[in-house]
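Asks: Right, I'll just put the structure down here and ask away after.
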Amino acid sequence: MILRNIIYYFFLYKTCLAVIRENFKECEQSSFCRRLRNLKPDQSRYILDLNNLQVSDNFLEAELLNKDENITFKFVLTALAGNIFRIYADEISPIHGRYRVQGVLDGEPQVERIKILKQDKNEVIVQSGDNKAILKSEHFQIEFYKSENLVAVVNSRGLFHIEHLRMKNTLEIKEGEDQKEEDSGAWEENFKSFHDSKPRGPEGVGMDITFPGAMRVYGLPQHADRLALRSTGPGGIGPYRFYNSDVFEYILDSTMALYGAVPVVYAHSTSNTVGAFWLNSAETWVDINNSKDQNMVSSLVNLVSGQSTENKVDVHFMSESGVVDFFILMGPSPKDCVQQYTSLTGVAPLPQYFTLGYHQSRWNYVTEDDVTAVVKNFDNYDLPLDTMWLDIEYTDGKKYFVWEPLKFGHPDQMLKNLTATGRHLVVIIDPHVKRESGYFLHEDALANDYYVKTKDGNVYEGTCWPGPSSYPDFFNPKVFNYYKNLYSQLYFENVKSDIMIWNDMNEPSVFNGPEITMPKDCLHYGGWEHRHLHNLYGFVYTAITYEGLLMRNPNKRPFILSRSHFAGSQRYAAIWTGDNDAKWEHMAASYPMCLSEALSGISFCGADIGGYFNNPDVELLQRWYQSAIWLPFFRAHAHIDARRREPFLFEKDVRNRFKNALVTRYAHLPLWYTQFYEHERFGEPVIRPLFYAYPKEIGVIDIDNQLLLGDSVLAHMISEPGQSTANVYLPGGPSTYWYDLRTFKKYNGNGFTSVSVDLDSIPVFYKGGHIIPRKDRSRRASTLTHRDPFTLYVALDSNKSAKGTLFIDDNESFDYRKKKYLYIQFEFNTDILKSSLIDDTDYDTLEWIEKIVILGAPVDVKRAVINSKSLRSVELEAYYDDSVLNIRKPGVSVREPFTIKLI
């Protein structure tokens, strides 16, 4: 009865209430954060010993002395390819080795040569390319210069610190202050019995970095906050926290931890951008001190007038344990910084084409017939749909890998019914394992010692959806391989060909655990406590899922959605913004949250359309669809208690607005697909904030209700009810053209521009100078469009020119890595549109060019003539629709280079 009440309580807790803020720690309640944050600035304890400096072609190594405690650490500075420096510090003779993050970097970074410009006992000057680092011995400090401009200073405030078991006096610990804290590891008590048990002791690490001249700092996903990070500190908001947690109906404008942790920041000014990546998987807090929050008006005035400013941003990283492993991304532009970061942590592989279409989900579609009926209604109302999703009720009593025998007794037939209409299926598989006798997964885990242990060495038991649950230790190589086999074929054998996976609750979520997760003193493979690697748990789980799906079908790209994520998760999974609410404010948060993820390597991001909790009003739901089509991951999802809200359930006028949004998304799938290919190839984010593309334009630095798809489409969210006008920022200056997608009216990039809006759409613009490939034939699923022709939208700039690219392959396999693809460039100049292949590759496709639409076209064009290998001087019909020039049916294969001349 007690256990039943616990489960019932947590079910209510999860389904009926908003997040209880008091259940999650503030910095002052986290002992290491309190200690590190209370260090006094400008009193550095550390001296870098430059007398015995070791120098190689790529790095220098020295001893770093804590002079107060007489403890010596190893310090290494390495120059990496692509304008990156790496800083590493660890104990030389530790009682226990510190945890060092594994598997996050996409291979070992390539090193770069360094040159010593100066060396004495006080300082060393190191050069790598046009970058320079000055290491100072006394009061240990490192200054970083880009082309002689100071861009970053490590330990400028003297807050660098590595806690150590013997640092009792330095830490100023009060007797017994930590003994009741779950996150303390009872270290002080262990300290007293040191000679018997050899405890780990305090292991906090911290580093501060100052960015001179920076006006804003971005990054640090995942937080439900603005794009530009705010100052934290006494009297203000608390520091940004990284501690992957199951937070539902989360608070907005908050620095509290959510489901993901990507500890990278980008400090930006209109003259320079520089980044910093803190590689640590333990609980982490980040303080921000931005001078703009104290003196924004004067800073902006001075910048516009050309006077000097005192802008700067201070960032202070603090982690509970681990080594110091820190990367300085030298920029100098936002694009450079992001590419430097993705060179370290990797890029997302090109997703299958269908995954960019519309996904329909809820907790829960309760039977096979329910799934079939939903799909049938999408077809009846001519609404496109690519993927159906099944939440936990498809399982047999919350036992993953086992179908519910009555409601989902014929999964193979259900899947065939989906694929027959061009659709796909995604099912949820969470990490918790139901503790039920006879359940194969639980029995295997017990028999083979696969579970995470308590500090006493017993199997850890917590509570999640199945009730009593245990949690596989995914860091154990045997568990890793076991789960790979599960995903590959073992228990989905009859339907293994096409099911994709949703990894949820993988922070991990433990309803009765501290802060709804696993206790920090639980033990993982190698003896590491959970505190050391908490933020990696979901990351490793998605890596297992990815490799398992590859084993199932080595030549089909896996699709995985994960809630928990870390730096590098982009290599394995898409993510979403979690358990949001059916409120205008939560919809508005989706743009800055996903833009922050995209800057941090994770472009494949979306938000639950309509809000996961509660019921959106009809206007909000329409606006949410219209906004969500411009986020990479496009899924509607709702709570089990929320009213059904599939698009076909509404009145005709509302339904048509949903359809228009869906059709607009599907028309642009060629552009989305091309952008994801270019992301994999070049490392740029798929969606981008305005400051990324216009780094010298001061007016864009705080805009986060707009985004760019690549560099060719700008979307502005309508985030308030009853709006009849929108104040859209159009960047680039008066010589930059923007074409309203609704009317093709041309605007100049003169900053804020008032445009009228109605319920039918939101403001979206094509940028002049770009060619956007589209497929304008409406189909019920993207799978059915693969042979459809393209329409090219040529948006001319002030020079009457434009360029664009298009990527084509088989939409699902890895054959594009074997040169089986087409990567095409289109270019318009002096009344001629040309097509050419960028790479010497080929792909046998029937796709062709159906239509050319030219925005800002030259006047008095009478006709057009196409030339290609198969079409020699064929005259085409050309006609104007208002000021838009249309060229009908060029009829040329996309494989074939061509020219079209306007006459």
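Asks: Please determine, by comparing only the residues of the range 474-502 that are modelled with pLDDT under 95 and of a type in the set (A, V, I, L, M), which one is nearest to residue 542 (Cα to Cα).
Replies: Restricting to residues being modelled with pLDDT under 95 and of a type in the set (A, V, I, L, M), the top hit is 486.
Asks: Please work out if residue 506 is closer than 25 Å to residue 360 by Cα and either modelled with pLDDT under 95 or polar (S, T, N, Q) (or both).
Replies: yes
Asks: Can you give me the ranges of the strands (runs of 3 or more DSSP E) entirely in the range 764-818 with at least 1 residues that are in contact with a helix residue (DSSP H, G or I) (Cβ under 7 Å, 6 or more places away or on another chain) and under 27 Å from residue 830 (Cα atoms)?
Replies: Once the strands (runs of 3 or more DSSP E) in the range 764-818 are filtered for at least 1 residues that are in contact with a helix residue (DSSP H, G or I) (Cβ under 7 Å, 6 or more places away or on another chain) and under 27 Å from residue 830 (Cα atoms), what remains is 770-774, 790-795, 802-808.
Asks: Taking the options 527, 568, name whichever one is small (Gly, Ala, Ser) and free of Cβ contacts under 8 Å to residues at least 24 places away in the same chain.
Replies: Answer to the selection: 527.
For (1) within 26 Å of residue 263 (Cα to Cα); (2) free of Cβ contacts under 8 Å to residues at least 12 places away in the same chain; (3) surrounded by 24 or more Cβ atoms within 10 Å (Cβ to Cβ); (4) not polar (S, T, N, Q), each residue gets a yes or a no:
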residue: 583; (1), (2), (3), (4): no, no, no, yes
residue: 590; (1), (2), (3), (4): yes, no, yes, no
residue: 597; (1), (2), (3), (4): yes, no, yes, yes
residue: 607; (1), (2), (3), (4): yes, no, yes, yes
residue: 619; (1), (2), (3), (4): no, no, no, yes
residue: 627; (1), (2), (3), (4): no, no, yes, no
residue: 632; (1), (2), (3), (4): yes, no, yes, yes
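Asks: Moving on to the next point. Can you name the residue in the range 549-566 that is among the basic types (Lys, Arg) and at pLDDT 95 or above and, of all such residues, is surrounded by the most Cβ atoms within 10 Å (Cβ to Cβ)?
Replies: 563
Asks: On to the next question. Among the candidates 831, 881, 839, which residue alone is in contact with a strand residue (DSSP E or B) (Cβ under 9 Å, 6 or more places away or on another chain), among the acidic types (Asp, Glu) and touching a residue at least 60 places away in the same chain (Cβ under 8 Å)?
Replies: After applying the criteria, what remains is 831.
Asks: Here's another thing I want to ask about it. Kindly indicate whether residue 576 is modelled with pLDDT of 95 or more and touching a Phe, Trp or Tyr at 6+ places or on another chain (Cβ under 8 Å).
Replies: Considered against the rule, which asks whether it is modelled with pLDDT of 95 or more and touching a Phe, Trp or Tyr at 6+ places or on another chain (Cβ under 8 Å), residue 576 comes out as yes.
Asks: Take the range 307-340 and flag every residue that is out of contact with any strand residue (DSSP E or B) (no Cβ under 6 Å at 6 or more places or on another chain), over 22 Å from residue 292 (Cβ atoms) and among the hydroxyl-bearing types (Ser, Thr, Tyr).
Replies: Residue satisfying the conditions is 321 alone.
Asks: Then there is this: Could you go through the range 222-235 and let me know if any residue there is in contact with a helix residue (DSSP H, G or I) (Cβ under 6 Å, 6 or more places away or on another chain) and of a type in the set (A, V, I, L, M).
Replies: Checked the range 222-235: at least one residue is in contact with a helix residue (DSSP H, G or I) (Cβ under 6 Å, 6 or more places away or on another chain) and of a type in the set (A, V, I, L, M).
Asks: Right, another one. If you take the residues in the range 512-537 that are of a type in the set (Gly, Ala, Ser) and farther than 17 Å from residue 465 by Cα, which one is surrounded by the fewest Cβ atoms within 10 Å (Cβ to Cβ)?
Replies: 527
Asks: If we keep just the residues of the range 724-777 that are polar (S, T, N, Q) and surrounded by 16 or more Cβ atoms within 10 Å (Cβ to Cβ), which is nearest to the chain's Cα centre (by Cα)?
Replies: Out of the qualifying residues, it is 761.
Asks: Among the listed residues 850, 875, 812, which satisfies the condition of being modelled with pLDDT of 95 or more, charged (D, E, K, R) and more than 19 Å from residue 673 (Cβ to Cβ)?
Replies: Result of the check over 850, 875, 812: 875.
Asks: If you don't mind, there's one more thing I want to ask. Of the residues in the range 584-624, how many are assigned to a helix (DSSP H, G or I) and not basic (Lys, Arg)?
Replies: Going through the range 584-624 one residue at a time, the tally reaches 22.
Asks: Please go through the range 132-169 and give me each residue that is polar (S, T, N, Q) and in contact with a strand residue (DSSP E or B) (Cβ under 6 Å, 6 or more places away or on another chain), ordered by number.
Replies: Across the range 132-169, the qualifying residues are 137, 155, 156.
Asks: May I pose another question? Which one is farthest from residue 551 (Cα to Cα) among residues in the range 435-459 that are crowded, with 21+ Cβ neighbours inside 10 Å and of a type in the set (Phe, Trp, Tyr)?
Replies: Per the stated criteria, the residue is 451.
Asks: Pairs please, first residue from the range 750-776 and farther than 22 Å from residue 661 by Cα and in contact (Cβ under 8 Å) with a residue 60 or more places away in the chain, second anywhere and acidic (Asp, Glu) and surrounded by fewer than 21 Cβ atoms within 10 Å (Cβ to Cβ), Cβ atoms under 8 Å, 6+ apart in sequence or on different chains.
Replies: Correct list of pairs: 768/797.
Asks: Next question, about the same structure. Kindly indicate whether any position in the range 863-880 is in contact with a Phe, Trp or Tyr (Cβ under 9 Å, 6 or more places away or on another chain) and under 24 Å from residue 740 (Cβ atoms).
Replies: No: zero hits.
Asks: In the range 736-748, which residues are outside any loop (DSSP other than H, G, I, E, B), touching an Asp or Glu at 6+ places or on another chain (Cβ under 9 Å) and either more than 14 Å from residue 716 (Cβ to Cβ) or not aromatic (Phe, Trp, Tyr) (or both)?
Replies: Once the filter is applied, which keeps residues that are outside any loop (DSSP other than H, G, I, E, B), touching an Asp or Glu at 6+ places or on another chain (Cβ under 9 Å) and either more than 14 Å from residue 716 (Cβ to Cβ) or not aromatic (Phe, Trp, Tyr) (or both), the range 736-748 yields 736, 737, 746.
Asks: Select the strands (runs of 3 or more DSSP E) contained entirely in the range 417-509, then report the ones holding at least 2 residues which are within 30 Å of residue 608 (Cα to Cα) and β-branched (Val, Ile, Thr).
Replies: Passing ranges, in order: 424-428, 499-503.
Asks: Only one of 74, 67 is among the charged types (D, E, K, R) and modelled with pLDDT under 95; which?
Replies: Just a single option satisfies the conditions, and that option is 67.
Asks: Sticking with this one: Would you point out which residue out of 822, 806, 784 is buried (at least 23 other Cβ atoms within 10 Å of the Cβ), closer than 30 Å to residue 844 by Cβ and of a type in the set (A, V, I, L, M)?
Replies: 806
Asks: A further question follows. Spot the failing condition for residue 328; the list is (1) over 30 Å from residue 201 (Cα atoms); (2) hydrophobic (A, V, I, L, M, F, W, C); (3) out of contact with any Ser or Thr (no Cβ under 7 Å at 6 or more places or on another chain), and only one is missed.
Replies: (1)
Asks: Mind counting the residues in the range 547-572 that are within 21 Å of residue 476 (Cα to Cα) and either over 17 Å from the mean Cα position of the chain (by Cα) or assigned to a loop (DSSP other than H, G, I, E, B) (or both)?
Replies: Going through the range 547-572 one residue at a time, the tally reaches 9.
Asks: Among the residues that make up the range 80-96, is at least one of them assigned to a loop (DSSP other than H, G, I, E, B), closer than 29 Å to residue 151 by Cα and either modelled with pLDDT under 95 or touching a Leu at 6+ places or on another chain (Cβ under 7 Å) (or both)?
Replies: no
Asks: Among the numbered criteria (1) in a helix (DSSP H, G or I); (2) acidic (Asp, Glu); (3) in contact (Cβ under 8 Å) with a residue 40 or more places away in the chain, which single criterion is violated by residue 28?
Replies: Condition (3) is where residue 28 drops out.
Asks: Whether any residue in the range 825-834 is surrounded by fewer than 17 Cβ atoms within 10 Å (Cβ to Cβ), aromatic (Phe, Trp, Tyr) and not in a loop (DSSP other than H, G, I, E, B) is what I want to check.
Replies: No; the residues of the range 825-834 include none that is surrounded by fewer than 17 Cβ atoms within 10 Å (Cβ to Cβ), aromatic (Phe, Trp, Tyr) and not in a loop (DSSP other than H, G, I, E, B).
Asks: Next question, about the same structure. Against the conditions (1) more than 30 Å from residue 359 (Cα to Cα); (2) surrounded by fewer than 21 Cβ atoms within 10 Å (Cβ to Cβ), where does residue 411 fall short? Just the number, please.
Replies: All conditions are met except number (1).
The values are calculated or read from the model by the stated rules, or taken from the named source; none is laboratory data. Please read all numbers here as calculations on a predicted model, not as lab measurements. Cβ coordinates were reconstructed from backbone atoms using ideal geometry, including for glycine residues, and neighbour counts include every protein chain displayed.
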